[in-house]
Amino acid sequence: MRKIWVGTGWKMNKVLAEAEAYALTLREFVELESPKAEVFIVPPFTVLRKVCDLLKTAPVKVGAQNMHWEERGAHTGEISPLMVKDCGAHLVELGHSERRAQFGETDFTVNKKVLAALRHGLSPLVCVGETASEKAFGVAKESVVRQVKISLRNVPENRIGDLMLAYEPVWAIGESGTPAEPEYANSIQGFIREAISELYDDKIAQQVSLLYGGSVNTENASSFVKQAEIDGLFVGRAAWNVDGFIQLIQRVEKGP
Ligand code: PGA
């Protein structure tokens with residue numbers, strides 16, 4: 001049985017006071033309710049250390065939104081795996097579609113970052129998803145499988161369990177996005193698992209947690225997690241307010 005994950009990426013939101021208030025309310029909730037789901041949050045770098053400190057003893061994992069693959073050097077504006085680790089983070093989000101579209105992230109750089117994260121004891125959360133035109137041209141499967149195969153290249157099979165993937169169709173993300181049909185997301189996630197099985201084997205493919213992201217909210221959350229291939233949710237807007245995040249966790253806890 002794979003775990004169920006519920007996480008949120010804050011993107012470019014929240015200054016320190018807002019981040020602290022969020023983390024403290026979330027801490028109180030998880031300590032009181034002990035949710036069965038694995039809860040994680042991915043704040044911006046500027047508040048990462050503080051949020052990690054506040055949640056140190058709580059059952060909440062904390063991640064960074066990006067990372068360079070080198071440990072140090074002349075890379076102005078970048079953050080290294082050593083720095084992310086030093087903040088106390090457990091995981092690192094890699095290859096989000098906004099980073100691909102706005103900052104030139106490619107499957108090849110994602111692959112370098114995945115390997116660097118694993119070397120430094122961070123769990124990579126790799127985001128993949130087809131664009132609207134790839135979907136319209138009938139190559140959603142091909143696009144997503146390609147992203148997965150390149151991102152995972154040279155990941156040793158005994159480390160696959162440390163990695164998570166989030167299927168986030170680009171057309172489903174953000175203000176202008178529409179959520180995927182749960183059955184559609186499930187079928188693409190099935191292709192992702194098949195691709196991992198081709199790279200390794202079926203047993204290993206079954207270990208990987210595959211999350212869905214893109215316009216998830218309290219209304220549609222349970223329809224996604226009841227799908228066989230969906231092991232959790234990666235949420236943006238609906239969880240930027242801590243009450244919204246808590247409601248989502250409660251929705252998932254209740255089950256389908
Ligand atoms: P959204 O973002 O929930 O606001 O659509 C999802 C994501 O980008 O991970």
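The values are calculated or read from the model by the stated rules, or taken from the named source; none is laboratory data. Here the structure is a predicted model, which means the values were calculated and not measured. All Cβ positions, glycine included, derive from the backbone under ideal geometry; neighbour counts span all protein chains shown. We work out accessible area using only protein heavy atoms, side chains counted, and drop any ligands, DNA or RNA first. Shrake-Rupley method; radii C 1.70, N 1.55, O 1.52, S 1.80 Å.
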Seminar exercise, completed: Considering residues that are surrounded by fewer than 24 Cβ atoms within 10 Å (Cβ to Cβ), in a helix (DSSP H, G or I) and within 13 Å of the ligand (Cβ to nearest atom), the number found within the range 225-244 is 3
Problem set entry | Test: Val6 is within 16 Å of the ligand (Cβ to nearest atom) and on the phi < 0 side of the Ramachandran plot | yes
Problem set entry | Among (1) within 16 Å of the ligand (Cβ to nearest atom); (2) without any contact (Cβ under 8 Å) to a residue 60 or more places away in the chain; (3) of a type in the set (Val, Ile, Thr), the one test that Val139 misses | (1)
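Any idea which of Ala221, Ala180, Ala172 is more than 24 Å from Arg100 (Cα to Cα) and either without any contact (Cβ under 8 Å) to a residue 40 or more places away in the chain or not acidic (Asp, Glu) (or both)?
After ruling out the rest, the residue left standing is Ala221.
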For this session: For residues that are in a loop (DSSP other than H, G, I, E, B) and out of contact with any helix residue (DSSP H, G or I) (no Cβ under 9 Å at 6 or more places or on another chain), scanning just the range 14-60, find the one that is surrounded by the fewest Cβ atoms within 10 Å (Cβ to Cβ).
Result: Ser34
Exercise. Out of Thr8, Thr76, which single residue is within 15 Å of the chain's Cα centre (by Cα), hydroxyl-bearing (Ser, Thr, Tyr) and not in a helix (DSSP H, G or I)?
Worked result: Thr8
Exercise. Filtering the range 90-130 down to residues that are in contact (Cβ under 8 Å) with a residue 40 or more places away in the chain and of a type in the set (Asp, Glu), which residue is nearest to the ligand (Cβ to nearest atom)?
Worked result: Glu98
Exercise. Among the residues of the range 174-221, which ones are open to solvent by 10 Å² or more (accessible area, probe 1.4 Å), in a loop (DSSP other than H, G, I, E, B) and more than 10 Å from the ligand (Cβ to nearest atom)?
Worked result: Glu181, Tyr200, Asp201, Gln206, Gln207, Thr218, Glu219, Asn220
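Out of all the residues in the range 66-73, is one or more touching a strand residue (DSSP E or B) at 6+ places or on another chain (Cβ under 9 Å) and not in a loop (DSSP other than H, G, I, E, B)? Before you say what the answer is, go through the steps one by one.
The initial filter retains those residues of the range 66-73 that are touching a strand residue (DSSP E or B) at 6+ places or on another chain (Cβ under 9 Å), namely 66-67.
Subsequent filtering for residues that are not in a loop (DSSP other than H, G, I, E, B) retains none.
Looking for residues that are touching a strand residue (DSSP E or B) at 6+ places or on another chain (Cβ under 9 Å) and not in a loop (DSSP other than H, G, I, E, B), one finds none in the range 66-73, hence no.
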